[in-house]
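No lab work stands behind these numbers, since they all come straight from the coordinates. This structure is a prediction, so every number in the text was calculated from the model and none was measured. Positions of Cβ are generated from backbone atoms using ideal geometry, with glycine treated the same way; all protein chains shown enter the neighbour counts.
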Amino acid sequence: KQFTVVWYVDDFKLSHVDPSVVHDMIESIKQEFGKELEVTVRRGQIHDYLGIQFDFSEEGQVVMTMHDYITELFKEVPDELLKGPASTPASNYLFNVNPKCKKLDNETAVLYHHLTANLLYLAKRVRPDLLTAVSFLCTRVQNPDFDDWKKLGRCLTYLRNTIDLKYTLAADGSWILRWWVDASYGVHPDMKSHTGTTMSMGRGCVYSMSRKQKLNTRSSTEAELVGVNDAMSMILWTRLFLQGQGYTVADNVLYQDNQSAMLLE
């Protein structure tokens with residue numbers, strides 16, 4: 001059976017169907033790397049790492065949360081930002097920018113940047129529902145205004161209302177990779193479009209991306225083509241990675257809603 005080792009800097013995540021194989025590997029690591037400093041080992045179905053709690057208790061799925069991280073984040077959020085209800089991270093005026101809007105003072109601008117960076121870390125790990133809003137907020141960190149401050153508040157208010165939302169990933173056994181790619185044409189102030197991508201193997205989104213496109217397009221069809229190009233490296237790499245792990249990928253499907261882009265592709 002395959003032994004899987006995942007590296008992150010100087011940390012390992014080890015998994016094998018036979019626990020004794022994991023034990024033997026740990027002993028080998030201790031002999032090699034435990035000479036100068038003790039090797040710390042944590043076993044079990046639940047792990048806390050980099051602010052994320054991983055729960056493998058239910059076979060065939062992993063549940064991830066960052067409740068403590070979010071709680072600490074809100075200790076730095078001014079009360080003025082958390083007003084009223086918010087059922088979504090952003091409203092339909094997210095991409096609207098008023099060039100005459102008053103800029104934030106330096107201290108508030110630094111806090112805006114800090115909170116946005118914290119939200120980006122969260123959105124990239126366990127809260128992809130925040131990605132579109134956070135992606136736009138990131139484009140404004142250099143010179144934020146009061147409208148951006150309100151949009152940050154909307155995102156944080158939504159987060160506060162959904163603090164217990166869990167991120168669950170599971171495969172349905174079909175080994176079909178399903179990708180959804182969409183683009184919003186010309187929504188940024190410089191008329192660049194925005195790409196959104198997500199992928200699922202049954203339950204939950206294994207990979208999600210939301211970002212401003214790097215070039216200007218002349219139509220929604222071109223924007224859709226650029227969006228697919230933005231996602232294509234992950235679409236191909238994911239299939240190759242899973243095949244490299246010994247799995248047979250039955251199909252790798254890309255969904256779009258623009259007939260002209262589909263015909264060109």
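The modelled label-to-label distance for the pair SER15/TYR49, using points 7 Å beyond Cα in the direction of Cβ, is 1.0 nm. Dividing the convex hull volume of the alpha-carbon atoms in the chain by its residue count gives 168 Å³ per residue. Each Lys or Arg adds one and each Asp or Glu takes one away; over the other residues whose Cβ falls under 13 Å from the Cβ of VAL187, this sums to +1. Is the shape of the stretch 179-248 best called rounded, prolate or oblate, per the rule: a/c under 1.5 gives rounded, else a/b larger than b/c gives prolate, else oblate, with a ≥ b ≥ c the square roots of the Cα gyration tensor eigenvalues? Since a/c reaches 1.5 and a/b is larger than b/c, the shape of the stretch 179-248 is classed as prolate. Across SER135, SER200, SER219, mean-square fluctuation computed from a Gaussian network of the chain (C-alpha pairs under 10 Å connected) peaks at SER219.
With charges only on Cβ, +1 for K and R and -1 for D and E, what is the dipole size of the stretch 1-157 about its Cα centre, in debye, rounded to 20?
Using only the charged Cβ atoms, the result is roughly 760 debye.
Taking the C-alpha atoms only, the angle from helix 106-125 to the longest principal axis of the chain is near 40 degrees. What residue among GLN31, GLN213, GLN45 shows peak mean-square fluctuation when the chain is described by a Gaussian network model with Cα springs under 10 Å? With Cα springs under 10 Å in the chain, the top fluctuation among GLN31, GLN213, GLN45 is at GLN31.
As a rough guide to protection, the peptides 116-124, 64-72 ranked by mean Cβ packing within 10 Å, highest first, stand as 116-124, 64-72.
Over the residues of the chain, the helix contribution to mean residue ellipticity at 222 nm works out to -12000 deg cm²/dmol, using -39500 (n - 2.57) for each DSSP H run of at least 4.
Could you tell me which of GLY204, ASN258, LEU156 has its Cα farthest along the dipole of the chain towards the positive end, charges placed at Cβ (Lys, Arg +1; Asp, Glu -1), taken about the Cα centre? Ranked along the dipole, the leading option is ASN258. Computed extension gain for GLU107 through LYS150, at 0.36 nm per residue and net of the alpha carbon distance, reaches 13.9 nm.
Among the listed pairs LYS83/LYS192; LYS166/LYS214; LYS102/LYS151, which are separated by more than 25 Å between their Cα atoms? With Cα atoms farther than 25 Å apart: LYS83/LYS192; LYS166/LYS214.
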